[in-house]
Structure formats: structure tokens, C-alpha cells
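Following: one structure in C-alpha cells, then a few remarks.
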Amino acid sequence: MKAAAFFFGRSGFLCLLALFFSGHTAAFLFPTADVSSLHITKTRGQFSRIHAVRDEVIDVGVPANDSRSSDTSTSLTQLQEQKGELRFDAEAILSQIKVMDKNTIINTSIFAIALVTVVFQVLSVDIGITRGWSAEEIAYRVPLDNWNSYNAILASAPIQTKSITSATVYAIGDTIAQRTEGTEIGELDRARIGRSLAAGLIGHGPLSHYWYQISEDFFNNVLMWTDWWSFIPKVVIDQTLWGPFWNNSYIVLLGVMQLQKPSQVWADIKRTTIPLVVSGLKLWPLAHCITYGLVPVENRLLWVDLVEIVWVTILATQAAGSVEHNEASEKN
């Protein structure tokens, strides 16, 4: 519980930033945001003009044969038309609000609450000791103290912390995958996101912890390969052994959680193994040059998880394609 509370307050910030502070945040959370304050500003102006002309006619009492009568009539006609457009704008706004069903509200609320909670926890890491600090000191100390706190909890509870890190990343990745597929925020499959989260929690986090520890021990203490070039065989082994193993483990975990038949799971593995290996070669060799060449072993999973936001999007898309393929096969 301590690791979970800390993660969502500190290290979770590193993962959630990749989603919430991207260039598409507003479109991601509020797909109907194009009905904006522009309509409201226009509405106020039109109402003011309508009432001004109406009051002028009432107060002044323009005679029917006055030369100003035609001008006033024309103005009123134009404003009546604008009033009709204004009613149409109001109806458009109301229709957009109605479209935001309860699922849209629920999903948007989840993202908003998560964002506010994480940002608050991260910014409050030094609360109570910042009195007298300059803005430069705060900007320097807050990231540094969050990083030190993360490493402290990582040292005391490594598997739990890494499990929660991976769970968060896999949930974010699946969410991005669904949005990339064109799914509206109100139509996001929360069960699918939950399955990806569980796969990261019980699978990727613990297994990756042991993989990086065993790999580092094997190369350093058995093969005695500690020179600068030793990261190259580590990357090769990672891509030929660990990568395919975990990709297929992910498919198996999702299949089990969906209560799929073993034959279906096996068919999915055969269908996705080669495409995932090929897709992985476009991303992971370069990323793992940093993983095995620069990042300390205890922080490798955090670095890999940040990169995996992209990779999980690919994985989740492939897994979702497997489900659709199976459903189509059953119908035929």
C-alpha cells in the first residue's frame, strides 16, 4: 500500500505527463470543446443590439412615415434574423451537451481527477519547507526531491513499485490505442483498459524486474562482459528472447482474462508474433542502447515503461485486432 500511494503521488507523474501534457490533451478530454466561448460572446453582443434597437423604438416612438422608419425596420429585420441564428447556436450548444452521455462524463472525470491528484502530490513534495525559497529554488528542488523520493521507495519495495509503474503505463497505452483507433472518450472500453492494467501489474512489472536483474548478473558476473560495448549483446538477447516472450505473455494474459479458448489464444500468438517482432525492431534497438548503455539497472524499468507508452499502443492495437478477428471467424 505504501508503494501504491507513493507511486500515484510521485512516480506516476512521470508516466501520466506523457498523456496529459501532450499536444492533444484538450481534444482527448473534451472532444466537443469546439463549441466555445466564441458563441457566448457573440450571443451577448447580439442580445445587446436587439434590446438597444427595441428600446430606441419604444422610447422615441418613430412615426410610420418618418424617414428613419425604414432604417429602423431594416435594422430590426436584420437583428431578428441574427436572433434566429442565435437560437440555432444555443440549440447546437445544448445538443452537444446532450451528446456527452454518462460514459463521457465518467471517463473525463477519471482522467481529470487522476491528473489533479498526481500534480497536487508532486507539487506538494516539499510542502512546509519552501518558505523563503525563490522560484528558481522551487523549480530545482521539486523535481529533484520527487526523484529522490521515488528512488527511496524503489529501494524499499522494488517489485511493488515497478508493478504499479507498468500497470499505469499499460493503462495509458491502451487508452491511447483506443483513441488512435478513433474511439470517442465516452466509448472507451474500460474493461479493455482494466485488462491491460492488470497485465502490466501482474505480468510486465514483476517479470521485467527479474529479467533486468538476471541479465545484468549474467553478463557482468558470468561472462565478465563489462566493457563499453557489452550493451550490444544485451540488446540482441533482449530482442531475441525477452521481447518475443513478453509479447506472447501479454497475449496469453489478455486471453485468459477474456476467457478465450486455448485454441484462440494460440491462433492469436501465431498471428501476432512476427508482426510484433518486426514492429519492435523499429523502436526497441535504439531505445535499448540507452537502456543497457546508460541507465542504471534499478531504473531501467522506469525508462523502458516511458518508452513503452508507444509500444503498448502497438501491442494493445494488435491484441484488439485479435479479438475482432476471432469474432469475425466465429460469425463465419
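The values are calculated or read from the model by the stated rules, or taken from the named source; none is laboratory data. From a predicted model like this one, the values you see are computed outputs, not experimental measurements. Every residue, glycine among them, receives a Cβ derived from its backbone with ideal geometry; neighbour counts consider all protein chains shown. To get the accessible areas, we keep the full protein, side chains included, count just its heavy atoms, and leave off ligands, DNA and RNA. Shrake-Rupley method; radii C 1.70, N 1.55, O 1.52, S 1.80 Å.
State whether the residues of the stretch 223-234 include one that is assigned to a helix (DSSP H, G or I), open to solvent by less than 20 Å² (accessible area, probe 1.4 Å), hydrophobic (A, V, I, L, M, F, W, C) and modelled with pLDDT under 95. Looking through the stretch 223-234, none of the residues is assigned to a helix (DSSP H, G or I), open to solvent by less than 20 Å² (accessible area, probe 1.4 Å), hydrophobic (A, V, I, L, M, F, W, C) and modelled with pLDDT under 95.
For the condition closer than 30 Å to residue 255 by Cα and either β-branched (Val, Ile, Thr) or surrounded by fewer than 20 Cβ atoms within 10 Å (Cβ to Cβ) (or both), residue 237 qualifies. Note on the stretch 196-220: residues that are within 19 Å of residue 240 (Cα to Cα), open to solvent by 10 Å² or more (accessible area, probe 1.4 Å) and within 23 Å of the chain's Cα centre (by Cα) total 0. Being open to solvent by 60 Å² or more (accessible area, probe 1.4 Å), in a helix (DSSP H, G or I) and not charged (D, E, K, R) is a condition met by at least one residue of the stretch 174-187.
Yes/no matrix, rows are residues, columns are (1) under 21 Å from residue 220 (Cβ atoms); (2) touching an Asp or Glu at 6+ places or on another chain (Cβ under 9 Å); (3) buried (at least 18 other Cβ atoms within 10 Å of the Cβ); (4) at pLDDT below 95:
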{"position": "258", "(1), (2), (3), (4)": "no, no, no, yes"}
{"position": "262", "(1), (2), (3), (4)": "no, no, no, yes"}
{"position": "272", "(1), (2), (3), (4)": "no, no, yes, yes"}
{"position": "275", "(1), (2), (3), (4)": "no, no, no, yes"}
{"position": "278", "(1), (2), (3), (4)": "no, no, no, yes"}
{"position": "283", "(1), (2), (3), (4)": "no, no, no, yes"}
{"position": "286", "(1), (2), (3), (4)": "no, no, no, yes"}
{"position": "293", "(1), (2), (3), (4)": "yes, no, no, yes"}
{"position": "303", "(1), (2), (3), (4)": "yes, no, no, yes"}
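Close contacts from the stretch 219-237, counting a first residue that is among the small types (Gly, Ala, Ser) and a second that is open to solvent by less than 90 Å² (accessible area, probe 1.4 Å), with Cβ to Cβ under 7 Å and a gap of 6+ residues or different chains, come to 230/219. Looking for something open to solvent by less than 30 Å² (accessible area, probe 1.4 Å), modelled with pLDDT under 90 and not in a helix (DSSP H, G or I) - is there at least one such residue anywhere in the stretch 152-163? No, because not a single residue in the stretch 152-163 is open to solvent by less than 30 Å² (accessible area, probe 1.4 Å), modelled with pLDDT under 90 and not in a helix (DSSP H, G or I). Taking the criterion of being farther than 13 Å from residue 291 by Cβ and not hydroxyl-bearing (Ser, Thr, Tyr), the residues of the stretch 220-235 that qualify are 220, 221, 222, 223, 224, 225, 227, 228, 229, 233.
Residue pairs whose Cβ atoms lie under 7 Å apart, separated by 6 or more positions or on different chains, with the first residue in the stretch 238-261 and closer than 17 Å to residue 314 by Cβ and the second open to solvent by 60 Å² or more (accessible area, probe 1.4 Å) and at pLDDT 95 or above, are 246/207.
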